[in-house]
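Here is the structure we will look at, set down as structure tokens.
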Amino acid sequence: ANKKFFVLTREFFTYWDTQEDMENGEPQKALIELSGIKEFKETADGFELVVEGQKRTLQLQVIEKTEQAIWVNHWRDQVAESLGDKFQATSTVADAEKAAAEVAAAEAE
């Protein structure tokens, strides 16, 4: 698997090869409009996206397990309402809050 730097906004899901590429203003490698996301499914180590017009499911893995609940919560904020039962996640908002606290504590050390 190739490590990439992803950004999720209210309108787009996009990635660069590295965080430095994004910070240096390099063009993104891919940009997906959130309106094109047709299905979201949390997996054991990340999540899968079904994107309109794509033949394959986009499979993404998190590096740190604590990041997963945080990502899922951000996705929940952006697409859960529009996807309805096509948004499938087991992580909860409480899981995300706990994970964010763990990440913040680790960064403070």
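The values are calculated or read from the model by the stated rules, or taken from the named source; none is laboratory data. Since the model is a prediction, treat every value here as computed from it, not as a measurement. Don't worry about glycine lacking a Cβ; one is built from the backbone with ideal geometry, like all the others, and counts go over all protein chains shown. Surface accessibility is based on the protein's heavy atoms, side chains included, excluding ligands, DNA and RNA. Shrake-Rupley method; radii C 1.70, N 1.55, O 1.52, S 1.80 Å.
Could you work out the Kirkwood radius for the chain, taking every pair of different alpha carbons, averaging 1/r and inverting it, reported in Å?
Numbers: mean 1/r = 0.0679 Å⁻¹.
This gives a value of 14.7 Å.
Over all distinct Cα pairs, what is the inverse of the mean 1/r for region 17-77, reported as the Kirkwood hydrodynamic radius in Å? Spell out each step's value before the answer.
Working: mean 1/r = 0.0766 Å⁻¹.
For region 17-77, inverting the mean 1/r across all distinct Cα pairs yields 13.1 Å.
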Dipole magnitude (debye, nearest 20) for the chain, charges at Cβ of Lys, Arg, Asp, Glu: 520
Cα centroid of region 74-109 to Cα centroid of region 2-47, whole Å: 16
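Rolling a 1.4 Å sphere over the protein heavy atoms, what is the accessible area per residue of region 17-57, to the nearest Å²? Walk me through the numbers on the way to the answer.
Working: 2820 Å² over 41 residues.
Accessible area per residue: 69 Å².
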Relative contact order computed over the chain (Cα-Cα under 8 Å; 6+ residues apart), in percent: 19
21 Å Cα-Cα threshold exceeded, pairs from Lys3/Lys38; Lys41/Lys65; Lys4/Lys65; Lys3/Lys65; Lys55/Lys86: Lys3/Lys38
Segment Lys55-Ala94, length gained on full extension (0.36 nm per residue, minus Cα span): 10.6 nm
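What is the percent carbon and sulfur in the accessible area of region 7-108, measuring with a 1.4 Å probe over the protein chains and ignoring ligands?
Working: 3170 of 6780 Å².
Accessible surface attributable to carbon and sulfur in region 7-108 totals 47 percent.
Highest mean first, what order results for 63-75, 20-32, 84-96 on Cβ atoms within 10 Å?
Details: 63-75: 18.1, 20-32: 12.2, 84-96: 14.0.
Going by the mean number of other Cβ atoms within 10 Å, highest first, we get 63-75, 84-96, 20-32.
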Residue-averaged 222 nm ellipticity for the chain, from DSSP H runs of 4+ at -39500 (n - 2.57), nearest 500: -11500 deg cm²/dmol
